[in-house]
1. Is it true that Val118 is touching a Ser or Thr at 6+ places or on another chain (Cβ under 9 Å), surrounded by fewer than 24 Cβ atoms within 10 Å (Cβ to Cβ), hydrophobic (A, V, I, L, M, F, W, C) and within 22 Å of Gln364 (Cβ to Cβ)?
2. What single numbered condition from (1) crowded, with 20+ Cβ neighbours inside 10 Å; (2) of a type in the set (A, V, I, L, M); (3) in a helix (DSSP H, G or I) fails to hold for Ile287?
3. Could you please find all residues in region 316-331 being of a type in the set (S, T, N, Q) and not in a loop (DSSP other than H, G, I, E, B)?
4. Considering Gln391, Gln405, Gln364, which residue is of a type in the set (S, T, N, Q) and at pLDDT 90 or above?
5. Return the residues of region 301-330 that are open to solvent by less than 20 Å² (accessible area, probe 1.4 Å) and closer than 11 Å to Gly467 by Cβ; say none if nothing qualifies.
6. Checking Gly110 against (1) at pLDDT 95 or above; (2) part of a loop (DSSP other than H, G, I, E, B); (3) surrounded by 19 or more Cβ atoms within 10 Å (Cβ to Cβ); (4) small (Gly, Ala, Ser), which test does it fail?
7. Would you be able to tell me the number of residues in region 244-279 that are in contact with a strand residue (DSSP E or B) (Cβ under 9 Å, 6 or more places away or on another chain) and surrounded by fewer than 20 Cβ atoms within 10 Å (Cβ to Cβ)?
8. Glu413 versus (1) more than 27 Å from Phe145 (Cβ to Cβ); (2) at pLDDT below 85: which is the lone unmet condition?
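The values are calculated or read from the model by the stated rules, or taken from the named source; none is laboratory data. Model, not experiment: these values are computed from the prediction. Please note: Cβ atoms are built from the backbone with ideal geometry, for glycine as well, and neighbour counts cover all protein chains shown. Side chains are part of the model used for accessible areas, which takes the heavy atoms of the whole protein and leaves out ligands, DNA and RNA. Shrake-Rupley method; radii C 1.70, N 1.55, O 1.52, S 1.80 Å.
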Amino acid sequence: MRHLTADELVTLGERFGIDVDADRAADLTGTVNAMLDDLDALDDLAIVEDAPSPTGADPGARTWADPTDDPHGAVAADCSVPPSATGHLDGTAVGIKDVIAVAGVPMRCGSATMRGFVPTTDATVVDRLRAAGAAITAKTACDEFAGSARGTTGHGAPITNPHDDGRTAGGSSGGSAAAVASGRVDAALGTDTGGSVRIPASFCGVVGYKPTYGLVPLTGVVENTYTQDHVGTFTNTLDDAAALVAAMAGADESDPASLAAAGRPGYRVGGYRDAVANPPAPADLRIGVLAEGTGEGVADRVEERTDAAVDALEDAGADVRTVSVPSFHDARPIKNALSFTELATHWRDGAAPYRRGGVDETLQTGFARARAAASGELSDFYTSKLLAGAQVVDAHDGRPYVRAQAARERLREAFEDALDGVDALLLPTMPDVAPRIDSVGEWAYDYARNTRAANVTRLPAVTVPNGTAAGLPVGLQLLGSAFDDARLLSVAAGVVATV
(Lines give C-alpha, C1' and ligand atoms only; values in the text may rest on other atoms or scores of the structure.)
Protein backbone atom coordinates (compact mmCIF):
# COMPACT_ATOMS: atom_id res chain seq x y z
CA MET A 1 0.00 0.00 0.00
CA ARG A 2 1.12 3.55 -0.66
CA HIS A 3 3.07 5.17 2.17
CA LEU A 4 1.69 8.25 3.93
CA THR A 5 3.53 11.46 4.66
CA ALA A 6 3.34 13.15 8.05
CA ASP A 7 1.02 15.82 6.64
CA GLU A 8 -1.29 13.15 5.23
CA LEU A 9 -1.34 11.45 8.62
CA VAL A 10 -2.48 14.68 10.29
CA THR A 11 -5.27 15.08 7.71
CA LEU A 12 -6.32 11.47 8.14
CA GLY A 13 -6.46 11.95 11.90
CA GLU A 14 -8.68 15.00 11.52
CA ARG A 15 -11.11 13.09 9.32
CA PHE A 16 -11.42 10.21 11.77
CA GLY A 17 -11.28 12.14 15.05
CA ILE A 18 -7.77 10.94 16.03
CA ASP A 19 -5.65 13.55 17.82
CA VAL A 20 -2.38 13.70 15.87
CA ASP A 21 -0.39 16.95 15.58
CA ALA A 22 2.50 17.52 13.19
CA ASP A 23 5.23 16.56 15.66
CA ARG A 24 3.50 13.37 16.69
CA ALA A 25 2.75 12.50 13.06
CA ALA A 26 6.44 12.68 12.22
CA ASP A 27 7.13 10.14 14.96
CA LEU A 28 4.31 7.81 13.91
CA THR A 29 4.74 7.83 10.13
CA GLY A 30 7.31 5.03 10.06
CA THR A 31 5.21 2.74 12.24
CA VAL A 32 2.01 3.39 10.29
CA ASN A 33 3.72 2.72 6.97
CA ALA A 34 5.23 -0.50 8.31
CA MET A 35 1.73 -1.62 9.35
CA LEU A 36 0.44 -0.85 5.87
CA ASP A 37 3.29 -2.83 4.33
CA ASP A 38 2.07 -5.91 6.22
CA LEU A 39 -1.27 -5.63 4.45
CA ASP A 40 0.31 -6.08 1.03
CA ALA A 41 0.29 -9.81 1.70
CA LEU A 42 -3.48 -9.78 1.23
CA ASP A 43 -2.95 -9.43 -2.49
CA ASP A 44 -1.81 -13.05 -2.56
CA LEU A 45 -4.63 -14.33 -0.35
CA ALA A 46 -7.69 -13.21 -2.30
CA ILE A 47 -7.30 -13.06 -6.05
CA VAL A 48 -10.39 -11.88 -7.92
CA GLU A 49 -9.41 -13.73 -11.09
CA ASP A 50 -9.64 -17.04 -9.20
CA ALA A 51 -13.20 -16.46 -8.01
CA PRO A 52 -15.37 -19.59 -8.17
CA SER A 53 -17.67 -20.31 -11.05
CA PRO A 54 -21.33 -19.30 -10.65
CA THR A 55 -23.04 -21.43 -8.05
CA GLY A 56 -24.94 -24.47 -9.19
CA ALA A 57 -24.59 -24.29 -12.96
CA ASP A 58 -22.17 -24.15 -15.85
CA PRO A 59 -21.62 -20.40 -16.45
CA GLY A 60 -21.77 -21.09 -20.17
CA ALA A 61 -25.48 -21.93 -19.79
CA ARG A 62 -26.23 -18.36 -18.76
CA THR A 63 -27.14 -15.66 -21.26
CA TRP A 64 -28.40 -12.10 -21.04
CA ALA A 65 -29.43 -9.24 -23.31
CA ASP A 66 -30.75 -5.72 -23.06
CA PRO A 67 -34.58 -5.78 -23.05
CA THR A 68 -36.27 -5.22 -26.39
CA ASP A 69 -39.90 -5.16 -25.21
CA ASP A 70 -40.19 -3.26 -21.96
CA PRO A 71 -43.11 -0.80 -22.03
CA HIS A 72 -42.93 0.01 -18.30
CA GLY A 73 -39.17 0.32 -17.90
CA ALA A 74 -39.35 -2.64 -15.53
CA VAL A 75 -36.46 -4.73 -16.83
CA ALA A 76 -32.76 -3.93 -16.56
CA ALA A 77 -31.74 -7.04 -18.48
CA ASP A 78 -33.41 -10.12 -19.93
CA CYS A 79 -31.54 -13.25 -18.96
CA SER A 80 -31.66 -17.01 -19.06
CA VAL A 81 -30.33 -18.65 -15.92
CA PRO A 82 -31.71 -22.18 -15.64
CA PRO A 83 -32.65 -24.05 -12.46
CA SER A 84 -29.90 -26.06 -10.81
CA ALA A 85 -32.31 -28.76 -9.58
CA THR A 86 -35.99 -29.67 -9.59
CA GLY A 87 -38.34 -28.73 -6.80
CA HIS A 88 -41.57 -27.02 -5.83
CA LEU A 89 -40.74 -23.95 -7.98
CA ASP A 90 -40.44 -25.94 -11.22
CA GLY A 91 -41.66 -23.84 -14.15
CA THR A 92 -41.52 -20.54 -12.23
CA ALA A 93 -39.92 -17.59 -14.04
CA VAL A 94 -38.45 -15.17 -11.50
CA GLY A 95 -37.20 -11.60 -11.86
CA ILE A 96 -34.38 -10.47 -9.59
CA LYS A 97 -33.98 -6.84 -8.49
CA ASP A 98 -30.79 -5.42 -9.92
CA VAL A 99 -29.10 -5.02 -6.54
CA ILE A 100 -29.12 -8.80 -6.01
CA ALA A 101 -26.24 -10.66 -7.64
CA VAL A 102 -26.85 -13.11 -10.47
CA ALA A 103 -23.55 -14.49 -11.70
CA GLY A 104 -22.66 -13.71 -15.28
CA VAL A 105 -25.39 -11.06 -15.65
CA PRO A 106 -24.59 -7.34 -15.38
CA MET A 107 -25.69 -5.65 -12.14
CA ARG A 108 -26.09 -1.90 -12.50
CA CYS A 109 -27.97 -1.17 -9.25
CA GLY A 110 -30.00 1.45 -11.11
CA SER A 111 -26.91 3.65 -11.42
CA ALA A 112 -24.79 4.80 -14.34
CA THR A 113 -21.79 4.48 -12.04
CA MET A 114 -22.04 0.64 -12.01
CA ARG A 115 -22.02 0.10 -15.76
CA GLY A 116 -19.82 -2.81 -16.80
CA PHE A 117 -19.94 -4.63 -13.46
CA VAL A 118 -20.73 -8.37 -13.65
CA PRO A 119 -20.93 -10.48 -10.44
CA THR A 120 -19.08 -13.79 -10.36
CA THR A 121 -21.31 -15.57 -7.83
CA ASP A 122 -25.03 -15.82 -7.16
CA ALA A 123 -26.62 -14.27 -4.12
CA THR A 124 -27.72 -16.93 -1.64
CA VAL A 125 -31.40 -16.26 -2.40
CA VAL A 126 -30.79 -16.79 -6.12
CA ASP A 127 -28.91 -20.01 -5.44
CA ARG A 128 -31.77 -21.29 -3.26
CA LEU A 129 -34.50 -20.37 -5.75
CA ARG A 130 -32.68 -22.18 -8.54
CA ALA A 131 -32.20 -25.22 -6.30
CA ALA A 132 -35.99 -25.27 -5.84
CA GLY A 133 -36.57 -25.33 -9.61
CA ALA A 134 -36.97 -21.64 -10.48
CA ALA A 135 -35.46 -20.08 -13.61
CA ILE A 136 -34.13 -16.51 -13.49
CA THR A 137 -35.44 -14.70 -16.57
CA ALA A 138 -34.91 -11.00 -15.79
CA LYS A 139 -32.96 -8.50 -13.73
CA THR A 140 -35.54 -5.90 -12.74
CA ALA A 141 -35.02 -2.14 -12.72
CA CYS A 142 -34.81 -0.12 -9.52
CA ASP A 143 -34.09 3.29 -8.09
CA GLU A 144 -30.43 4.21 -7.83
CA PHE A 145 -28.76 1.90 -5.30
CA ALA A 146 -32.27 1.12 -3.96
CA GLY A 147 -32.24 4.52 -2.30
CA SER A 148 -35.67 5.96 -3.14
CA ALA A 149 -39.35 5.01 -3.09
CA ARG A 150 -40.21 7.09 -6.15
CA GLY A 151 -39.42 4.76 -9.05
CA THR A 152 -37.81 7.64 -10.94
CA THR A 153 -34.22 7.98 -9.65
CA GLY A 154 -32.73 4.98 -11.44
CA HIS A 155 -30.60 5.27 -14.56
CA GLY A 156 -32.82 5.37 -17.64
CA ALA A 157 -36.54 5.92 -17.99
CA PRO A 158 -38.92 6.02 -15.01
CA ILE A 159 -40.56 2.74 -14.00
CA THR A 160 -44.20 3.23 -14.94
CA ASN A 161 -47.30 1.67 -13.44
CA PRO A 162 -48.99 -1.04 -15.56
CA HIS A 163 -52.37 0.34 -14.45
CA ASP A 164 -51.56 3.86 -15.72
CA ASP A 165 -48.35 4.67 -17.59
CA GLY A 166 -48.56 8.26 -16.41
CA ARG A 167 -48.04 7.14 -12.83
CA THR A 168 -45.08 5.67 -11.00
CA ALA A 169 -44.78 2.00 -10.13
CA GLY A 170 -43.10 3.14 -6.91
CA GLY A 171 -39.71 2.15 -5.61
CA SER A 172 -37.18 1.23 -5.00
CA SER A 173 -38.21 -2.24 -6.27
CA GLY A 174 -40.62 -0.82 -8.84
CA GLY A 175 -39.32 -2.95 -11.69
CA SER A 176 -40.10 -6.14 -9.79
CA ALA A 177 -43.65 -5.00 -9.04
CA ALA A 178 -44.34 -3.84 -12.58
CA ALA A 179 -42.85 -7.03 -14.07
CA VAL A 180 -45.17 -9.21 -11.98
CA ALA A 181 -48.23 -7.00 -12.47
CA SER A 182 -47.73 -6.96 -16.25
CA GLY A 183 -47.06 -10.70 -16.48
CA ARG A 184 -43.45 -10.30 -17.59
CA VAL A 185 -42.41 -12.76 -14.85
CA ASP A 186 -44.31 -15.12 -12.56
CA ALA A 187 -42.69 -13.74 -9.40
CA ALA A 188 -39.86 -11.43 -8.44
CA LEU A 189 -37.51 -10.52 -5.64
CA GLY A 190 -36.97 -7.02 -4.31
CA THR A 191 -35.30 -5.40 -1.33
CA ASP A 192 -37.13 -3.49 1.37
CA THR A 193 -35.36 -0.96 3.65
CA GLY A 194 -38.26 1.39 4.38
CA GLY A 195 -41.02 -0.16 2.32
CA SER A 196 -39.36 -0.75 -1.06
CA VAL A 197 -41.22 -4.03 -1.62
CA ARG A 198 -44.57 -3.08 -0.11
CA ILE A 199 -44.77 0.40 -1.67
CA PRO A 200 -44.59 -0.69 -5.34
CA ALA A 201 -46.57 -3.86 -4.62
CA SER A 202 -49.41 -1.71 -3.29
CA PHE A 203 -49.21 0.74 -6.21
CA CYS A 204 -49.19 -2.07 -8.78
CA GLY A 205 -51.84 -4.28 -7.15
CA VAL A 206 -49.76 -7.36 -6.30
CA VAL A 207 -48.76 -9.18 -3.11
CA GLY A 208 -45.58 -7.84 -1.47
CA TYR A 209 -44.03 -9.67 1.46
CA LYS A 210 -41.19 -8.49 3.72
CA PRO A 211 -40.00 -11.22 6.11
CA THR A 212 -38.65 -10.87 9.62
CA TYR A 213 -35.15 -9.40 9.55
CA GLY A 214 -32.55 -12.14 9.21
CA LEU A 215 -34.97 -14.86 8.09
CA VAL A 216 -33.87 -14.52 4.45
CA PRO A 217 -30.10 -14.07 3.92
CA LEU A 218 -28.57 -10.87 2.52
CA THR A 219 -25.44 -12.50 1.09
CA GLY A 220 -24.85 -11.15 -2.40
CA VAL A 221 -27.20 -8.18 -1.95
CA VAL A 222 -25.80 -4.67 -2.39
CA GLU A 223 -26.06 -2.92 0.95
CA ASN A 224 -28.35 0.06 1.44
CA THR A 225 -28.88 0.13 5.20
CA TYR A 226 -27.71 -3.23 6.48
CA THR A 227 -29.59 -3.19 9.80
CA GLN A 228 -32.87 -2.52 7.95
CA ASP A 229 -32.35 -4.27 4.59
CA HIS A 230 -34.63 -7.20 3.79
CA VAL A 231 -35.08 -9.35 0.69
CA GLY A 232 -38.79 -9.65 -0.08
CA THR A 233 -41.12 -11.10 -2.69
CA PHE A 234 -43.58 -9.95 -5.36
CA THR A 235 -46.24 -12.42 -6.43
CA ASN A 236 -49.82 -12.56 -7.63
CA THR A 237 -50.91 -14.78 -4.74
CA LEU A 238 -49.99 -15.51 -1.15
CA ASP A 239 -49.47 -19.17 -2.13
CA ASP A 240 -46.70 -18.06 -4.46
CA ALA A 241 -45.19 -15.80 -1.78
CA ALA A 242 -45.12 -18.74 0.62
CA ALA A 243 -43.48 -20.92 -2.03
CA LEU A 244 -40.68 -18.40 -2.56
CA VAL A 245 -39.95 -17.86 1.11
CA ALA A 246 -40.03 -21.62 1.68
CA ALA A 247 -37.14 -21.88 -0.76
CA MET A 248 -35.14 -18.91 0.57
CA ALA A 249 -35.56 -18.84 4.35
CA GLY A 250 -32.96 -20.14 6.77
CA ALA A 251 -29.59 -19.20 8.17
CA ASP A 252 -26.61 -18.67 5.87
CA GLU A 253 -23.16 -18.99 7.39
CA SER A 254 -21.97 -16.11 5.18
CA ASP A 255 -24.55 -13.68 6.55
CA PRO A 256 -24.12 -12.56 10.19
CA ALA A 257 -27.64 -11.11 10.22
CA SER A 258 -29.19 -14.49 9.47
CA LEU A 259 -26.92 -16.24 11.98
CA ALA A 260 -27.83 -13.72 14.68
CA ALA A 261 -31.51 -14.18 13.87
CA ALA A 262 -31.17 -17.95 14.16
CA GLY A 263 -29.85 -17.49 17.70
CA ARG A 264 -32.75 -15.33 18.86
CA PRO A 265 -35.59 -16.63 21.06
CA GLY A 266 -38.61 -17.55 19.00
CA TYR A 267 -36.68 -18.16 15.77
CA ARG A 268 -38.72 -20.36 13.47
CA VAL A 269 -38.30 -21.46 9.85
CA GLY A 270 -40.75 -23.35 7.67
CA GLY A 271 -44.42 -24.15 7.45
CA TYR A 272 -45.24 -21.26 5.10
CA ARG A 273 -46.93 -23.21 2.33
CA ASP A 274 -49.08 -25.27 4.69
CA ALA A 275 -50.01 -22.14 6.63
CA VAL A 276 -51.31 -20.36 3.54
CA ALA A 277 -53.07 -23.47 2.27
CA ASN A 278 -54.99 -23.72 5.54
CA PRO A 279 -55.94 -20.18 6.57
CA PRO A 280 -58.05 -19.50 9.66
CA ALA A 281 -61.80 -19.13 9.32
CA PRO A 282 -63.07 -15.56 9.71
CA ALA A 283 -64.39 -16.31 13.21
CA ASP A 284 -60.89 -17.37 14.25
CA LEU A 285 -59.21 -14.15 13.10
CA ARG A 286 -58.08 -11.61 15.70
CA ILE A 287 -57.13 -8.37 14.00
CA GLY A 288 -55.79 -5.19 15.60
CA VAL A 289 -56.56 -2.11 13.52
CA LEU A 290 -53.66 0.28 14.11
CA ALA A 291 -55.13 3.67 14.97
CA GLU A 292 -52.06 5.59 13.82
CA GLY A 293 -52.23 3.98 10.37
CA THR A 294 -54.92 6.41 9.26
CA GLY A 295 -55.70 10.06 9.92
CA GLU A 296 -53.54 12.99 8.86
CA GLY A 297 -51.50 12.21 5.77
CA VAL A 298 -53.77 9.39 4.53
CA ALA A 299 -56.21 10.11 1.70
CA ASP A 300 -59.92 9.71 2.36
CA ARG A 301 -60.27 7.27 -0.54
CA VAL A 302 -57.64 4.97 0.99
CA GLU A 303 -59.29 5.19 4.41
CA GLU A 304 -62.60 4.24 2.80
CA ARG A 305 -61.10 1.12 1.26
CA THR A 306 -59.49 0.20 4.60
CA ASP A 307 -62.78 0.74 6.44
CA ALA A 308 -64.55 -1.46 3.91
CA ALA A 309 -62.07 -4.28 4.57
CA VAL A 310 -62.51 -3.90 8.34
CA ASP A 311 -66.30 -3.93 7.96
CA ALA A 312 -66.13 -7.11 5.88
CA LEU A 313 -64.01 -8.82 8.54
CA GLU A 314 -66.39 -7.79 11.32
CA ASP A 315 -69.42 -8.90 9.30
CA ALA A 316 -67.79 -12.31 8.79
CA GLY A 317 -67.32 -12.76 12.54
CA ALA A 318 -63.68 -11.79 13.00
CA ASP A 319 -62.57 -10.31 16.32
CA VAL A 320 -61.55 -6.81 15.23
CA ARG A 321 -60.33 -4.25 17.74
CA THR A 322 -58.53 -0.92 17.59
CA VAL A 323 -55.00 -0.84 18.99
CA SER A 324 -52.54 2.01 19.34
CA VAL A 325 -48.80 2.51 19.13
CA PRO A 326 -48.41 6.16 20.20
CA SER A 327 -44.75 6.18 19.12
CA PHE A 328 -45.64 4.97 15.60
CA HIS A 329 -44.53 8.19 13.88
CA ASP A 330 -41.17 8.12 15.68
CA ALA A 331 -40.21 5.55 13.07
CA ARG A 332 -39.45 8.33 10.58
CA PRO A 333 -36.55 10.07 12.41
CA ILE A 334 -35.30 6.71 13.71
CA LYS A 335 -35.26 5.18 10.24
CA ASN A 336 -33.63 8.21 8.65
CA ALA A 337 -30.88 8.50 11.27
CA LEU A 338 -30.01 4.84 10.81
CA SER A 339 -30.25 4.91 7.03
CA PHE A 340 -28.34 8.14 6.42
CA THR A 341 -25.50 7.16 8.74
CA GLU A 342 -25.10 3.58 7.51
CA LEU A 343 -25.39 4.68 3.89
CA ALA A 344 -22.75 7.42 4.22
CA THR A 345 -20.22 5.23 6.01
CA HIS A 346 -20.83 2.39 3.54
CA TRP A 347 -20.16 4.78 0.66
CA ARG A 348 -17.16 6.41 2.35
CA ASP A 349 -15.52 3.04 2.96
CA GLY A 350 -16.08 1.63 -0.52
CA ALA A 351 -18.57 -1.04 0.64
CA ALA A 352 -16.05 -2.67 2.96
CA PRO A 353 -18.27 -5.13 4.90
CA TYR A 354 -17.49 -4.05 8.47
CA ARG A 355 -20.97 -4.98 9.70
CA ARG A 356 -21.35 -8.14 7.71
CA GLY A 357 -19.63 -11.05 6.01
CA GLY A 358 -20.39 -12.95 2.86
CA VAL A 359 -19.48 -10.17 0.45
CA ASP A 360 -17.99 -11.29 -2.84
CA GLU A 361 -14.70 -9.44 -3.34
CA THR A 362 -15.67 -8.58 -6.91
CA LEU A 363 -18.85 -6.96 -5.60
CA GLN A 364 -16.97 -4.81 -3.10
CA THR A 365 -14.34 -3.91 -5.67
CA GLY A 366 -16.96 -3.02 -8.27
CA PHE A 367 -18.77 -0.78 -5.82
CA ALA A 368 -15.55 0.93 -4.70
CA ARG A 369 -14.54 1.63 -8.30
CA ALA A 370 -18.01 2.98 -9.05
CA ARG A 371 -17.80 5.29 -6.06
CA ALA A 372 -14.43 6.61 -7.18
CA ALA A 373 -15.77 7.30 -10.68
CA ALA A 374 -19.15 8.66 -9.61
CA SER A 375 -18.38 12.36 -9.93
CA GLY A 376 -21.54 14.13 -11.07
CA GLU A 377 -23.32 10.94 -12.13
CA LEU A 378 -25.26 10.19 -8.95
CA SER A 379 -28.84 11.41 -8.77
CA ASP A 380 -29.54 14.50 -6.67
CA PHE A 381 -31.73 12.48 -4.34
CA TYR A 382 -29.09 9.84 -3.57
CA THR A 383 -26.36 12.48 -3.25
CA SER A 384 -28.50 14.37 -0.74
CA LYS A 385 -28.89 11.25 1.40
CA LEU A 386 -25.13 10.69 1.38
CA LEU A 387 -24.44 14.27 2.43
CA ALA A 388 -27.01 14.12 5.23
CA GLY A 389 -25.36 10.98 6.56
CA ALA A 390 -21.90 12.52 6.30
CA GLN A 391 -23.07 15.46 8.41
CA VAL A 392 -24.42 13.11 11.08
CA VAL A 393 -21.08 11.32 11.26
CA ASP A 394 -18.70 14.28 10.97
CA ALA A 395 -20.50 17.09 12.78
CA HIS A 396 -22.37 15.11 15.42
CA ASP A 397 -19.90 12.30 16.15
CA GLY A 398 -22.54 9.71 15.30
CA ARG A 399 -24.62 10.48 18.41
CA PRO A 400 -27.95 10.53 16.49
CA TYR A 401 -27.19 6.99 15.33
CA VAL A 402 -26.70 5.77 18.90
CA ARG A 403 -29.96 7.39 19.99
CA ALA A 404 -31.78 5.90 17.01
CA GLN A 405 -30.59 2.39 17.88
CA ALA A 406 -31.93 2.75 21.41
CA ALA A 407 -35.21 4.24 20.17
CA ARG A 408 -35.73 1.45 17.62
CA GLU A 409 -35.70 -1.12 20.43
CA ARG A 410 -38.34 0.82 22.35
CA LEU A 411 -40.47 1.03 19.21
CA ARG A 412 -40.11 -2.72 18.63
CA GLU A 413 -41.30 -3.39 22.17
CA ALA A 414 -44.28 -1.08 21.64
CA PHE A 415 -45.29 -2.99 18.51
CA GLU A 416 -44.90 -6.37 20.20
CA ASP A 417 -47.09 -5.08 23.04
CA ALA A 418 -49.73 -4.01 20.51
CA LEU A 419 -49.57 -7.48 18.93
CA ASP A 420 -50.24 -9.17 22.25
CA GLY A 421 -53.71 -10.71 21.96
CA VAL A 422 -54.11 -10.29 18.18
CA ASP A 423 -52.85 -12.24 15.17
CA ALA A 424 -51.74 -9.20 13.18
CA LEU A 425 -51.94 -5.43 12.99
CA LEU A 426 -53.90 -3.98 10.06
CA LEU A 427 -53.41 -0.61 8.33
CA PRO A 428 -53.38 0.77 4.80
CA THR A 429 -50.10 0.16 3.01
CA MET A 430 -49.84 3.53 1.27
CA PRO A 431 -51.25 6.97 2.13
CA ASP A 432 -52.73 7.28 -1.37
CA VAL A 433 -52.75 5.65 -4.77
CA ALA A 434 -49.72 5.88 -7.07
CA PRO A 435 -48.90 9.52 -7.84
CA ARG A 436 -48.33 10.89 -11.32
CA ILE A 437 -44.71 10.75 -12.43
CA ASP A 438 -44.53 14.53 -12.82
CA SER A 439 -45.34 14.95 -9.11
CA VAL A 440 -43.26 12.21 -7.49
CA GLY A 441 -40.75 14.72 -6.10
CA GLU A 442 -43.29 16.40 -3.85
CA TRP A 443 -42.20 15.89 -0.25
CA ALA A 444 -45.81 16.16 0.99
CA TYR A 445 -46.29 12.59 -0.19
CA ASP A 446 -44.70 10.46 2.51
CA TYR A 447 -44.26 7.16 0.67
CA ALA A 448 -43.04 5.25 3.71
CA ARG A 449 -45.53 6.67 6.23
CA ASN A 450 -47.02 3.28 7.01
CA THR A 451 -44.24 0.94 5.89
CA ARG A 452 -41.01 2.13 7.56
CA ALA A 453 -41.97 1.00 11.07
CA ALA A 454 -41.67 -2.66 10.03
CA ASN A 455 -38.09 -2.03 8.92
CA VAL A 456 -37.14 -0.14 12.07
CA THR A 457 -38.64 -2.87 14.28
CA ARG A 458 -37.62 -5.61 11.81
CA LEU A 459 -41.03 -7.30 12.11
CA PRO A 460 -42.62 -9.18 9.19
CA ALA A 461 -45.15 -7.36 7.02
CA VAL A 462 -47.19 -8.14 3.93
CA THR A 463 -49.35 -6.04 1.61
CA VAL A 464 -52.29 -7.55 -0.27
CA PRO A 465 -54.55 -5.93 -2.87
CA ASN A 466 -57.58 -4.18 -1.37
CA GLY A 467 -59.62 -3.08 -4.35
CA THR A 468 -59.19 0.19 -6.18
CA ALA A 469 -59.73 3.91 -5.72
CA ALA A 470 -59.95 6.24 -8.71
CA GLY A 471 -59.29 3.13 -10.81
CA LEU A 472 -55.90 2.46 -9.18
CA PRO A 473 -54.85 -0.30 -6.78
CA VAL A 474 -55.01 0.14 -3.01
CA GLY A 475 -53.04 -2.07 -0.64
CA LEU A 476 -53.88 -3.45 2.80
CA GLN A 477 -50.94 -4.13 5.09
CA LEU A 478 -50.63 -6.66 7.90
CA LEU A 479 -47.78 -6.78 10.44
CA GLY A 480 -46.88 -9.75 12.66
CA SER A 481 -44.54 -10.72 15.46
CA ALA A 482 -40.90 -11.57 14.88
CA PHE A 483 -40.39 -14.97 13.19
CA ASP A 484 -44.16 -15.51 13.14
CA ASP A 485 -44.02 -15.28 9.34
CA ALA A 486 -46.01 -18.45 8.67
CA ARG A 487 -48.80 -17.24 10.91
CA LEU A 488 -48.76 -13.79 9.30
CA LEU A 489 -49.05 -15.25 5.81
CA SER A 490 -51.83 -17.55 6.98
CA VAL A 491 -53.74 -14.66 8.55
CA ALA A 492 -53.25 -12.63 5.37
CA ALA A 493 -54.76 -15.51 3.37
CA GLY A 494 -57.71 -15.56 5.75
CA VAL A 495 -58.17 -11.80 5.35
CA VAL A 496 -57.98 -11.99 1.53
CA ALA A 497 -60.58 -14.75 1.48
CA THR A 498 -62.88 -12.60 3.62
CA VAL A 499 -62.58 -9.09 2.21
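1. Yes: the conditions hold for Val118.
2. Condition (3) is where Ile287 drops out.
3. Hit for region 316-331 is Thr322, nothing else.
4. Gln405
5. Val302, Thr306, Ala309
6. (1)
7. Count: 0.
8. Just one mismatch for Glu413, condition (2).
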